[in-house]
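A.B. asks: Sharing a structure, written as structure tokens. Questions coming.
The values are calculated or read from the model by the stated rules, or taken from the named source; none is laboratory data. What you see is a predicted model, and the numbers here were worked out from it, not measured in a lab. Cβ sites come from the backbone with ideal geometry, for glycine too, and all protein chains shown count toward neighbours.
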Amino acid sequence: MPVAETTFYTTMPSPLGELLLTSDGTHLTGLFMTPHQHGPTRSPTWQRDDACLAEAR
């Protein structure tokens, strides 16, 4: 049985609008403009973690 992987996320402002950054806890796994027509839908299981993505910010 596969283990569910936690997705961490944060948002940040940019000159183009708000950005959504996602991570697996080690690597940046996504960077999306919000709202993004084909971007991921934030799941209730996602955990907001600004510190985890501080380097990417």
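A.B. asks: Any residue at all in the stretch 45-56 that is in contact with a Leu (Cβ under 9 Å, 6 or more places away or on another chain) and small (Gly, Ala, Ser)? Outline the logic, then answer.
C.D. replies: Residues of the stretch 45-56 in contact with a Leu (Cβ under 9 Å, 6 or more places away or on another chain): 53, 55-56.
Next, only the ones that are small (Gly, Ala, Ser) stay: 56.
The answer is yes; a qualifying residue exists.
A.B. asks: If you check every pair at least six apart or on different chains, which have Cβ atoms under 7 Å apart with a residue in the stretch 8-27 that is farther than 20 Å from SER43 by Cβ first and a residue that is in a strand (DSSP E or B) second?
C.D. replies: Close Cβ pairs satisfying both conditions: LEU16/MET33; GLY17/MET33.
A.B. asks: Can you say whether LEU28 is of a type in the set (A, V, I, L, M), under 9 Å from the mean Cα position of the chain (by Cα) and at pLDDT 95 or above, as far as the supplied structure shows? Give the derivation first.
C.D. replies: Working: of a type in the set (A, V, I, L, M): yes; under 9 Å from the mean Cα position of the chain (by Cα): yes; at pLDDT 95 or above: yes.
So LEU28 passes the test.
A.B. asks: So which of LEU53, LEU21 ends up being on the phi < 0 side of the Ramachandran plot, modelled with pLDDT of 95 or more and surrounded by 13 or more Cβ atoms within 10 Å (Cβ to Cβ)?
C.D. replies: The unique qualifying residue is LEU21.
A.B. asks: Looking only at residues that are outside any strand (DSSP E or B) and either at pLDDT 95 or above or not hydroxyl-bearing (Ser, Thr, Tyr) (or both) in the stretch 1-13, which one is surrounded by the most Cβ atoms within 10 Å (Cβ to Cβ)?
C.D. replies: THR7
A.B. asks: Further, regarding this structure: Specify the residue that is modelled with the lowest pLDDT; the eligible residues are those in the stretch 31-40 that are in a loop (DSSP other than H, G, I, E, B) and more than 10 Å from the chain's Cα centre (by Cα).
C.D. replies: Looking at the filtered set, the residue picked out is HIS36.
A.B. asks: Could you tell me which numbered condition LEU21 fails, if it satisfies all but one of (1) touching a Cys at 6+ places or on another chain (Cβ under 9 Å); (2) outside any loop (DSSP other than H, G, I, E, B)?
C.D. replies: Of the numbered conditions (1) touching a Cys at 6+ places or on another chain (Cβ under 9 Å); (2) outside any loop (DSSP other than H, G, I, E, B), the odd one out for LEU21 is (1).
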